[in-house]
1. Taking the condition of being in contact with a Phe, Trp or Tyr (Cβ under 9 Å, 6 or more places away or on another chain) and charged (D, E, K, R), how many residues in the stretch 132-151 meet it?
2. Being in contact with a helix residue (DSSP H, G or I) (Cβ under 8 Å, 6 or more places away or on another chain) and either open to solvent by 60 Å² or more (accessible area, probe 1.4 Å) or hydroxyl-bearing (Ser, Thr, Tyr) (or both) narrows it down to one of 536, 528, 484, so name that one.
3. Restricting to the stretch 188-233, what's the tally of residues that are away from the ligand (no atom under 13 Å from the Cβ), small (Gly, Ala, Ser) and in a loop (DSSP other than H, G, I, E, B)?
4. Of the residues 115, 82, which single one is among the hydrophobic types (A, V, I, L, M, F, W, C), surrounded by fewer than 21 Cβ atoms within 10 Å (Cβ to Cβ) and in contact with a helix residue (DSSP H, G or I) (Cβ under 8 Å, 6 or more places away or on another chain)?
5. Go through the stretch 22-43 and give me each residue that's surrounded by fewer than 18 Cβ atoms within 10 Å (Cβ to Cβ) and near the ligand (Cβ under 9 Å from one of its atoms).
6. Among the candidates 506, 549, 472, which residue alone is within 17 Å of residue 453 (Cα to Cα), small (Gly, Ala, Ser) and out of contact with any Lys or Arg (no Cβ under 9 Å at 6 or more places or on another chain)?
7. Scan 113, 126, 134 and give me the residue that is hydroxyl-bearing (Ser, Thr, Tyr), touching a strand residue (DSSP E or B) at 6+ places or on another chain (Cβ under 8 Å), assigned by TED's automatic domain parsing to the domain that holds residue 164 and more than 10 Å from the ligand (Cβ to nearest atom).
8. So, residue 492, is that one closer than 25 Å to residue 61 by Cα and surrounded by fewer than 17 Cβ atoms within 10 Å (Cβ to Cβ) or not?
Amino acid sequence: MNAPDFACDVAIVGLGPTGLTLAHALGQRGHQVLVLEREPRFYGNARAVYTDGECMRIFQSIGMADRLAADMLEDAPVQMVLPDGSVLFQIKTTKREHGWPANNFFYQPLLETALSEGLARHPNVTVLRGREVTRFEQDADGVDLFHVACGGSDYGKAAPQLGVKPAPAPREARVRARWMVGADGGRSGVRAQLGIEMSGKNFPNPWLVVDIKAKDASDGLRHVPYFNFICDPACPTVCCVQPNGHHRFEFMLMPGQTREQMTHPETVRHYLSRYIDVDKFEILRTLVYTFNALMAEKWRDGRVLLAGDAAHMTPQFIGQGMNAGVRDAYNLAWKLDAVLRGQAGEAFLDSYQSERQPHAAAMTREGIRMKDFVSMTHPVGTRVRNLLTRLMVRLPGIGPFVRRGEFIPKPVYEAGCYMGLARRRWRGAEGTLMPQPSVRGPDGRRHLLDELIGTGFVLVSAGVDPRRTLDAEALSFWQSLGARFVAVYPFGGRPNGAGIDHAAPAGLIECEDPEGDFQSWWRRSGGRAGHVAIVRPDKFVFALVEGEALVGATRELRRQMRVDEAVPVTHRALPAVEADHWREAA
Ligand SMILES: Cc1cc2nc3c(=O)[nH]c(=O)nc-3n(C[C@H](O)[C@H](O)[C@H](O)COP(=O)(O)OP(=O)(O)OC[C@H]3O[C@@H](n4cnc5c(N)ncnc54)[C@H](O)[C@@H]3O)c2cc1C
């Protein structure tokens, strides 16, 4: 068989939340994307139930947040509950630093279905279900993927063997991509074929997960309106709120309890009946899980990248497994876009792992702490835990910090590991996510800031034109990247009156900051009048500098993006006839 021409720019293996987000973000940027998913239809394994404000902002950037929010419960408090029903403390906040609620609860099959249907808006994204990627070969220019028809994976089958290159399969098809992303989950065959090890821990305690649905959504759950961690030493339990009458219980297996006993319908009924009237519910699924805290040592090998559970796995106790994958996809999408457009050299992609890995690891450490807190069973230990917790949540400073959930790692990249200038002060903005306040736009209407600044690079300043100090070369560089230029004024502070130009300078977006959220972030970060922030397409700040230092910061950005090594590629349409052929074969 001759090597085919490039059929796509990026081939994504796996259509879970990570693959879906990546397909949207690359599709939106006009690239030819092929997604190969082995399941002919969703297997409906509800796993994730929670997403945060940052990920909602990512869903906003791919045009899906409103659609997804329609099937979510927002702002639901999370509480630590003792076996007698008393509440140890609640974690809740109404702050919307990223424009969206910090706590959003959902039902994963609804979220995945909506994201999948949303891909229809990108004709340049082709999804082939029922196609399993069995092996791949890469060279300096691209990757050949081999895939076969698959009638369903039998979820939970043995993991592929590390470093073993699978033999060619009968009736396999081949497709060539410039880049390939393995978003194929915790048992990633892509990772296994690359021989990449995972290091970390497996936790021995299995948990029984029971997904239920109320027969009448208005009856049966009024007494459990919040997400409860039930700190019961006799049986640590998680009780998860979900929309549309869905609900989840998770019970930790105690010593001596077996999977078979725990999944027996009578046992499931017994445990559920502690909290609900079981007859009012349909039991959708019971499954016993163990949790892992694992990290792939390498996230990129040549033209193949790993994302989501394929790169890292975390105990679900702070609900950050899927969210980490969504963040990976968002970080990777704009970098792949820059490389494909010839705006960045390939080595720039290494910043993907150096930025994302420490953040994913920090989330995992926090997930383990939460797991240890909830799953404590020692009678004395639990009494001490409860006493200390009661004291701690009353302390000034620490109490509000805990009760607002501020112990969850922030979107801040580790010093020395991110693409951007070094942070020069403790609260410096570089390598951190710019907040998303509600602003008053040029049309006199309220917008979330990202709606005005779009999905590319942005130069932002407080009250002046950020281009003021750019020389012709730097300006033309920013224009070649399609950057936007934004001036944010205090509320009521837009230029007005005699002597003011009657039209805004061409290409400048002007807006006001009614709540003062932008201004307080700007000041906190060291921003002053005349400073300019260079904001990356993923809304992380590259630099916040005085206007006079902007040309130098632009030069540094070019260096870090390896612009001199960039090779532009031309886009070619995915041959529809071949895609149809595979579809029929499936
Ligand atoms: C009980 C439980 C509760 C959880 N709760 C939360 C939560 O509240 N919040 C949260 O953020 N996370 C949570 N998680 C974690 C979350 O569900 C996962 O992290 C997330 O689904 C991973 O997404 P992914 O797209 O990376 O991988 P997956 O969802 O595993 O998707 C991988 C896809 O790749 C496909 N695939 C695999 N191999 C191939 C192949 N060779 N060819 C083609 N396709 C292939 C698979 O069929 C699958 O569709 C929870 C997990 C569990 C178990």
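1. So the answer is 4.
2. None of the others qualify; the one that does is 484.
3. The qualifying residues number 4.
4. Step by step, each of 115, 82 is checked, and only 82 is among the hydrophobic types (A, V, I, L, M, F, W, C), surrounded by fewer than 21 Cβ atoms within 10 Å (Cβ to Cβ) and in contact with a helix residue (DSSP H, G or I) (Cβ under 8 Å, 6 or more places away or on another chain).
5. 42, 43
6. 506 is the lone residue from the list that is within 17 Å of residue 453 (Cα to Cα), small (Gly, Ala, Ser) and out of contact with any Lys or Arg (no Cβ under 9 Å at 6 or more places or on another chain).
7. None of the other options fit; the residue is 126.
8. no
The values are calculated or read from the model by the stated rules, or taken from the named source; none is laboratory data. None of these values were measured; they are calculated from a predicted model. With ideal geometry, Cβ positions are generated from the backbone for all residues, glycine too; neighbour counts draw on all protein chains shown. Heavy atoms of the whole protein, side chains included, go into the accessibility calculation; ligands, DNA and RNA do not. Shrake-Rupley method; radii C 1.70, N 1.55, O 1.52, S 1.80 Å.
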